[in-house]
Amino acid sequence: MPLRIDRGHAEPEELAALTVILGARLVGLRLREEHRRRREADQQHIVREPPCACWAGCWCCG
């Protein structure tokens with residue numbers, strides 16, 4: 001949904017609606033960023049086992 005004011009004029013109700021829409025988008029972006037940071041923090045605590053070689057001596061089986 002494009003947001004624009006035609007010819008530089010908007011009624012107070014239109015400005016209020018735009019404010020609500022932009023505020024909701026900002027809240028959504030903030031929540032998405034917070035969720036991404038939590039996922040990254042959770043992944044840092046995952047301990048991965050060191051790779052081990054299979055009986056053939058390769059490193060791709062681990």
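Here the Karplus relation 6.51 cos²θ - 1.76 cosθ + 1.60, evaluated at θ = phi - 60°, turns the backbone of the stretch 33-45 into coupling constants of 5, 5, 5, 4, 5, 5, 4, 4, 5, 5, 5, 5, 8 Hz, with x for every Gly and Pro.
Annotation: peptides 13-26, 33-46, ranked by per-residue average of other Cβ atoms within 10 Å with the highest first, follow the order 13-26, 33-46. With the simple model of a label 7 Å out from the Cα in the direction of the Cβ, Glu13 to Val27 spans 2.2 nm.
Here, each number is a calculation from the coordinates, and none is a lab measurement. Bear in mind that the values here come from a model prediction, so they are computed numbers and not experimental data. Counting neighbours? That spans all protein chains shown, and the Cβs are built from the backbone with ideal geometry, glycine included.
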